[in-house]
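Q: Here's a structure for you.
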Amino acid sequence: MSTHVICEGNIRVRVPLPDDSSDFTISSASVFYNPEMELNRDITVAAISGFIDRTGVEPASISYADVMSASGIRGIRIAGEVGLKCWLNDWNQDAYELIQENIKFNGLEESCTPSHQNANTLMHQEQFDIVDLDPFGSPAPFLDAAARSARRLLCITATDTAPLCGAHLKSGIRKYAAVPLNTEYHREMGARVLLGAAARALARRDKGMNVLLTHVTRHYVRVYLEIIKGVSHADSTMEKMGFISHCIHCGFREWESGLTPEQVFGLSGCPNCGKNLKLAGPLWLGRIQEPDFCGAVLKELETRKPGKCKEAMKIVVFCKDELNIPTFYDHHWLCKKNGVSPGPISDLISALKDAGFMASRTHFTGTGVKTDAGINNINDELTFVFNKDSLK
Ligand SMILES: C[S@@+](CC[C@H](N)C(=O)[O-])C[C@H]1O[C@@H](n2cnc3c(N)ncnc32)[C@H](O)[C@@H]1O
Ligand SMILES: [Zn+2]
């Protein structure tokens, strides 16, 4: 395999060199390396560093495993930039050889251990303070072992957004045992379906979770879950599972905790317009961002200034400021529904706040509004604010 050297963060690694053939793709290389994920890795470095700070533990005594390492770039960054003891695993022989080469190349033999196993076998055999799951596609087949292995923090990337978000419904149901709905907030729904699956995997091991940071960026979902050991924490985590009921006709939605939908919602139609409601779940209804943690990640990004710093900060600022409410409304959908031409989204947010509601933007999409106002109040404010503008 021919390789070339790239720089990312503070480290340099060898990655597969695109050959001359026009059919070279990232996934056809014998070892996977995706330059687009630099942003994901920049946030990972900042998030893990922020997390270590709050534990107050010496970085060198914290273990981190990237159980699907490919070139090893993620773990090498964590060892080189945060100073953790890292385990870099991949079952692919070429990847394993490249991991070894990249560890040497960065002089990190003391802090990095290469490993060549099935990730599930490794996670069933060993425990790590931090486990990072970064598979091709769905992390579902690895959640059980990861929940067993991770002691303090579980980081998960999922690139199977179509099953998670409801675009490939049956596949999502098979993988996550949850029904998503392909609504305008399907990106958030996907994140919550993944979080629900992680919560259940952890609960089976008598562990609870505190979601520190969630972002859906480009084609993937990324979550950072602080693990809290103990049956009572596992129980309170499960209490944050529930369902969202949604009316595709008028946009009404509500959510309720619980795992038996008939008890949660009854079986009548939409209380707003009388049409049939659709149910999504079971999924995570708890908090998906911890503002203080997001603040710590922002500080780290500011200090470290990684390659994708600006983009990373923009995402995390939105994550920090978005309301703790499990759905959002699409501004364009609302305007179309109300027959008004969309004005600035900030005007709608201000109008909702002036009317005494909570309202914020969301990192999930530039046209999303999170609010505790009901659909009729939103419609009123929207019509008022944008009709008034069109009369000026
Ligand atoms: C998306 S890549 C990882 C990228 C890497 N973490 C990064 O940041 O560049 C997924 C890797 O998982 C490896 N893999 C897939 N299934 C595995 C398994 N069951 N056990 C170990 N490695 C696995 C593949 O060989 C591939 O190298
Ligand atoms: Zn309705």
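The values are calculated or read from the model by the stated rules, or taken from the named source; none is laboratory data. Computed from a prediction, not measured in an experiment: that's the story for all the values here. Don't worry about glycine lacking a Cβ; one is built from the backbone with ideal geometry, like all the others, and counts go over all protein chains shown.
Q: Kindly list the number of the only condition in (1) of a type in the set (Gly, Ala, Ser); (2) surrounded by fewer than 19 Cβ atoms within 10 Å (Cβ to Cβ); (3) modelled with pLDDT of 95 or more that fails for Gly269.
A: (3)
Q: On the given criteria, is Glu226 among the acidic types (Asp, Glu) and free of Cβ contacts under 8 Å to residues at least 40 places away in the same chain?
A: Criteria not met by Glu226.
Q: Related question: Out of all the residues in segment 25-33, is one or more under 29 Å from Arg148 (Cα atoms) and not aromatic (Phe, Trp, Tyr)?
A: Yes, because at least one residue in segment 25-33 is under 29 Å from Arg148 (Cα atoms) and not aromatic (Phe, Trp, Tyr).
Q: Scan segment 100-107 and tell me whether some residue there is in the same structural domain as Ala199 (by TED's automatic domain parsing) and within 13 Å of ligand 1 (Cβ to nearest atom).
A: Yes, segment 100-107 contains a residue that is in the same structural domain as Ala199 (by TED's automatic domain parsing) and within 13 Å of ligand 1 (Cβ to nearest atom).
Q: What's the total number of residues in segment 303-322 that are outside any helix (DSSP H, G or I) and surrounded by 15 or more Cβ atoms within 10 Å (Cβ to Cβ)?
A: 4
Q: When the residues of segment 117-132 are narrowed to those that are among the charged types (D, E, K, R) and surrounded by fewer than 24 Cβ atoms within 10 Å (Cβ to Cβ), which ends up farthest from ligand 2 (Cβ to nearest atom)?
A: This residue is Glu126.
Q: Which of the residues that make up segment 272-301 are away from ligand 2 (no atom under 16 Å from the Cβ), at pLDDT 90 or above, not polar (S, T, N, Q) and not in a helix (DSSP H, G or I)?
A: Those that are away from ligand 2 (no atom under 16 Å from the Cβ), at pLDDT 90 or above, not polar (S, T, N, Q) and not in a helix (DSSP H, G or I): Pro282, Leu283, Trp284, Leu285, Gly286, Arg287, Ile288, Glu290.
Q: Answer yes if at least one residue in segment 247-256 is surrounded by 14 or more Cβ atoms within 10 Å (Cβ to Cβ), in a loop (DSSP other than H, G, I, E, B) and among the β-branched types (Val, Ile, Thr), and no otherwise.
A: Yes: segment 247-256 contains one or more residues that are surrounded by 14 or more Cβ atoms within 10 Å (Cβ to Cβ), in a loop (DSSP other than H, G, I, E, B) and among the β-branched types (Val, Ile, Thr).
Q: Return the residues of segment 338-347 that are out of contact with any helix residue (DSSP H, G or I) (no Cβ under 6 Å at 6 or more places or on another chain) and buried (at least 17 other Cβ atoms within 10 Å of the Cβ); say none if nothing qualifies.
A: Selection gives nothing.
Q: Quick check on Ala70: is it over 22 Å from Ala312 (Cα atoms) and touching a Phe, Trp or Tyr at 6+ places or on another chain (Cβ under 6 Å)?
A: Yes.
Rundown of residues vs (1) of a type in the set (A, V, I, L, M); (2) in contact (Cβ under 8 Å) with a residue 60 or more places away in the chain; (3) within 16 Å of ligand 2 (Cβ to nearest atom), yes/no style:
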residue	(1), (2), (3)
Thr3	no, yes, no
Arg12	no, yes, no
Val31	yes, yes, no
Asp53	no, yes, no
Glu58	no, no, no
Gly75	no, no, no
Leu88	yes, no, no
Asn106	no, yes, no
Thr113	no, no, no
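Q: Could you check Ala197 against (1) over 18 Å from Phe128 (Cβ atoms); (2) in a strand (DSSP E or B); (3) of a type outside the set (S, T, N, Q) and say which number it fails?
A: (2)
Q: Please give the number of the condition Leu283 fails out of (1) surrounded by 17 or more Cβ atoms within 10 Å (Cβ to Cβ); (2) outside the structural domain of Leu225 (by TED's automatic domain parsing).
A: (2)
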